[in-house]
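Here the structure comes first, spelled out in structure tokens, and everything after it is commentary.
The values are calculated or read from the model by the stated rules, or taken from the named source; none is laboratory data. Every value quoted in this text rests on a predicted model; they were computed, and no experiment measured them. Cβ placement follows ideal geometry from the backbone for every residue including glycine, while neighbour counts extend to all protein chains displayed. When the accessible area is computed, the model is the full protein with side chains, heavy atoms only, and any ligands, DNA or RNA have been set aside. Shrake-Rupley method; radii C 1.70, N 1.55, O 1.52, S 1.80 Å.
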Amino acid sequence: MFARVNGCTILGIEGKMVDVEVYLSAQLPSFDIVGLPDTAVREARDRVRAAIKNSQLKFPQQRIVVNLAPADLKKEGPQLDLALALGILQASGQLERQNIPWVILGELALDGSLRAVRGVLPMVIAARAAGYNNILLPLANAAEASLVSGVHIIGATSLTEVLAILTGHQAPPTLPQCEISPNVTSANFREVKGQEGAKRALEVAAAGGHSLIMTGPPGSGKTMLARCVPSILPPMSEEESLETTKIYSAAGLLQETTALLIDRPFRSPHHTVTPAALCGGGRNPRPGEVSLAHNGILFLDELPEFRRETLEVLRQPLEEGFVTVTRLMAAYTFPARFMLLASMNPCPCGMLTDKETECVCTDRQIHNYRHKISGPLLDRLDIFVEVARLRYEEVAGRHTGEASADIAKRVARARKQQYLRFRKEGINYNAEMLPQHLDKYCTLDAAGRDLLRHAFSRLRLSARAYDRILKVARTIADLEEEKKILPAHLAEAISYRQPVNY
């Protein structure tokens, strides 16, 4: 007896359709799964056998061969359990033999109940693209799946309930309401005393999506400043929310009570993170921190403490906005367009630039510390800013800074101008501009060209640094609601380009 059920699997962050083909023959009992299954798929044999028996159904004592087509596509994860069980029940005559016009997803527990699986959102998107309009999956995943328009989602809690729904003996249960992630940002620029120059630089970075590095002694407020940045960023658009949620779904990081992410992610990995964990990878490649920060912020605190080979993997995403992980069987591409924030001390003890405390580091120690960060990586950063130690009057005073809500309004206006400017260009922010965009939107007058020519020779800038100065200047002009880049805008952008103490 033969049966076929439609399933789906995850390849990177993309869903791929899978035909679960089940064949039963009158031979010695055995259970084989072919079609490049991973360990989780092979172990489905035991889960499915126990789930069928504990659902008061009969597990066939025959030879069972399951083929997962296409056979050259690697299958991973337990989301094929339910489709496999239904295929066996069809082939054994316990369920009416018909081509179930639904895509079946779900992990089976030993008692026959259904457990949520990761990657539901990209799999439902893939099913819709393949022409399937009905998706049957665990009830715990139904809210996430309902984010995809144009499909009929049916949730269930057990194998017995699935059979009752398929045979028409029970109506599908009511789907849970789709919830959105709450805004958990608590840091506010009002709480940061002093550091007006750093606040201005962070406002410029947020307005244009620019990368930024802060250098200063310990306790000067670098980490707090970075954690305030999400409070001035505009919420994600519907397209950005869906794209970010898709990444978190594939990574298995969505909470059951949260279906849609609306706040921009803020990722701050520890300095012991590996290159694979940062950029994505593993035996079955999954998104790394740079992809989990997509459309949001990646904050690297104490940058020189990260291993050099780990930092070097940031080159591709900073330039291209994605990461490609190549394996023998396939290449995986993960989106990674994020705003990089980094902080560091000027030396190992941190007191090199402090006017009140003497630095105890040797020249060799300072040299080795600074050269943990390569020149090519620094050249890919847009803004360099020094954060000085606060004076007693600033710390003890009651004066508070400008509220994040007021800064956010200016950032939102600047980003709106960029949206209107680039809506036909395929980019979103000034930081994403390509050379052809610079020629079109970053023209300078004679005074601006002279100023940039002088800075180029005096600071020994690279061609990449030249482009990044123009991008930052364009953002400063947008904040000032100016159509043209003025010399004052260019001068401020040049001041941000000078690496502190390098």
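Assorted remarks:
- Multiplying the residue separation of residue 133 and residue 242 by 0.36 nm and removing their Cα-Cα distance gives an extension gain of 37.3 nm.
- With 0.36 nm allotted per residue and the present C-alpha distance subtracted, the residue 164-residue 152 stretch has 2.6 nm of extension available.
- For the set 305, 239, 107, the ranking by accessible area, highest first and with no ligand, DNA or RNA atoms included, is 239, 305, 107 under a 1.4 Å probe.
- Cα gyration tensor, region 363-502 - rounded (a/c under 1.5), prolate or oblate: oblate
- Helix axis angle, 81-91 relative to the chain longest principal axis, alpha carbon, degrees: 20 degrees
- Per residue, region 90-170 exposes 38 Å² of accessible surface when a 1.4 Å probe is rolled over the protein heavy atoms with every protein chain present.
- Ranked packing of 120-130, 397-407, most packed first, by mean Cβ within 10 Å: 120-130, 397-407
- Per-residue SASA remark: residue 372, around 80 Å² accessible (1.4 Å probe; ligands, DNA and RNA not included).
- Calculated mean residue ellipticity, 222 nm, the chain: -10500 deg cm²/dmol, from DSSP H runs (n ≥ 4) at -39500 (n - 2.57) each, averaged per residue and rounded to 500.
- The alpha carbon gyration tensor of region 187-263 gives principal lengths a ≥ b ≥ c with a/c of 1.5 or higher and a/b greater than b/c, which makes the shape prolate.
- Partner lysines for residue 424 [C-alpha distance under 25 Å; skip if fewer than 8 residues away on the same chain]: 246, 409, 416, 440, 471, 483, 484
- Accessible surface of residue 351, taken over heavy atoms with a 1.4 Å probe and every protein chain present, rounds to 40 Å².
- Three-way shape label, region 431-496, alpha-carbon gyration tensor, a/c 1.5: oblate
- Residue 318 - accessible surface, heavy atoms, 1.4 Å probe, Å² rounded to 10: 30 Å²
- When the residues 355, 16 are ordered by accessible surface, computed with a 1.4 Å probe over the protein chains alone, the sequence from largest down reads 355, 16.
- Tilt relative to the chain, helix 120-129 - C-alpha long axis, 0 to 90 degrees, to 10: 70 degrees
- Cα→Cβ-extended label distance, 7 Å offset, between residue 446 and residue 355, nm: 4.0 nm
- The chain - percent of accessible surface contributed by carbon and sulfur, probe 1.4 Å: 51 percent
- Where labels lie 7 Å past Cα in the beta-carbon direction, separation of residue 392 and residue 409 in nm: 3.8 nm
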